[in-house]
Amino acid sequence: MPSIKVVHTMTDKAAGVESSAISVLKRAVELDMSKRYDEAMVCYREGLELLLEVLKVTKDEAKKTKFREKIEEYMGRAEQLKTLIDKEKQVDKSHVQIHIDDNSTGHSYESLFGRCLDSSLTQVTVEDPYIRSTHQIYNFLRFCEVLITSKCPVKTISLTTGQDDDYDSQRQQSQRLAFITKSLKNYGIDLKLDYSTTLHDREIRFNNGWTVKIGRGLDYFKATENQFCVGFCNYDLRACHETTVDIFHQSHTKM
């Protein structure tokens, strides 16, 4: 990390600028040491601009050499800091873990999956063994609605889930998913269904690189007392079961 001492110029014209440069670069080093890297970068850039102004009006060649050395030193640290900031952002993007506390609110599908929804998304794969009962199928429908309202160009949703053992439950599940399939076609989306007797893990994959794993799958919301309670329609106001959510992006994780 560079020192904050800067050689003083003899010209009155540069004295004020040089004083400002010293002050700003001193602050940059303090922020750097405190690991407030984004703020430090701003100060380094401002301080370097001021030092360049001083260099332009300095006539003494020896002083100009010393200023160039200082500028090179601070520029080197600024480049190191930029690399460090970029790496931190990549780490943040590669794996985000969210812990949803019991009875907490504010965890709608919009807020949870928002980072995964962009203009490059065309296909979503849902693997969840428990899209079976009425409320679980409603959850899946709500997830599909979020994809539609996000304006992403989704063309295909693939769902792999399980089935209950009794025939009536299987028939109701198939009918309800068939209704969703028909409804999605009105929005240009194909729903591909598959049933598995061995599926256990819950995972949602987006073909723009994101993968989301939720301990409870889509079924992490608690039931309201009745259909006329706050939170029945707005999932951000719905109390949640405790669960953990892991969000990955394949471009920053080793497969």
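Where a number appears in this text, it was derived from the coordinates with a stated rule and is not lab data. The structure displayed is predicted, hence computed values, not measured ones. Using ideal geometry, Cβ is built from the backbone for each residue, glycine included, and neighbour counts are taken over all protein chains shown.
Once you order the gyration tensor axes a ≥ b ≥ c over the Cα atoms, which shape class does the range 101-252 get: rounded for a/c under 1.5, otherwise prolate or oblate by comparing a/b with b/c? Don't jump to the answer; show the numbers that get you there.
Numbers: a/c = 1.31, a/b = 1.04, b/c = 1.26.
The shape class here is rounded.
Relative to the longest principal Cα axis of the chain, at what angle does helix 37-57 sit, 0 to 90 degrees, rounded to 10?
So the helix axis and the longest Cα principal axis differ by about 30 degrees.
Among the listed pairs K26/K66; K182/K213; K35/K66; K59/K82, which have their C-alpha atoms separated by more than 25 angstrom in this model?
Values: K26/K66 18 Å; K182/K213 27 Å; K35/K66 28 Å; K59/K82 32 Å.
Pairs exceeding the cut-off: K182/K213; K35/K66; K59/K82.
Residue farthest toward the positive end of the dipole of the chain, with Cβ of Lys/Arg at +1 and Asp/Glu at -1: which of Q163, C240, L51?
The one lying farthest along the dipole's positive direction is L51.
Where in the chain is the longest stretch that carries no chymotrypsin sites (Phe, Trp or Tyr not before Pro) classed as loop by DSSP and with at most 12 other Cβ atoms within 10 Å? Display every interim value, and only then the final one.
On the way: sites that count: Y187, F228.
Longest run free of exposed loop sites: 1-186.
Angle between the Cα long axis of helix 134-149 and the longest principal axis of the chain, 0 to 90 degrees, nearest 10?
40
For the chain, what D do you get in µm² per second when you plug the Kirkwood radius from alpha-carbon pairs into Stokes-Einstein at 20 °C and 1.002 mPa s? Show your work: numbers first, answer last.
Values: Rh = 22.5 Å.
D = 95 µm²/s.
Based solely on its DSSP helices, what 222 nm [θ] is calculated for the chain when runs of n ≥ 4 H residues each add -39,500 (n - 2.57) and the sum is averaged over all residues, nearest 500 deg cm²/dmol? Before the final figure, lay out the partial values.
Details: 6 runs with 117 residues, N = 255.
-15500 deg cm²/dmol, from helical runs alone.
Work from the charge dipole of the chain (Cβ charges, +1 for Lys and Arg, -1 for Asp and Glu, about the Cα centre) and give the residue of H99, I189, I71 farthest towards its positive end.
I71
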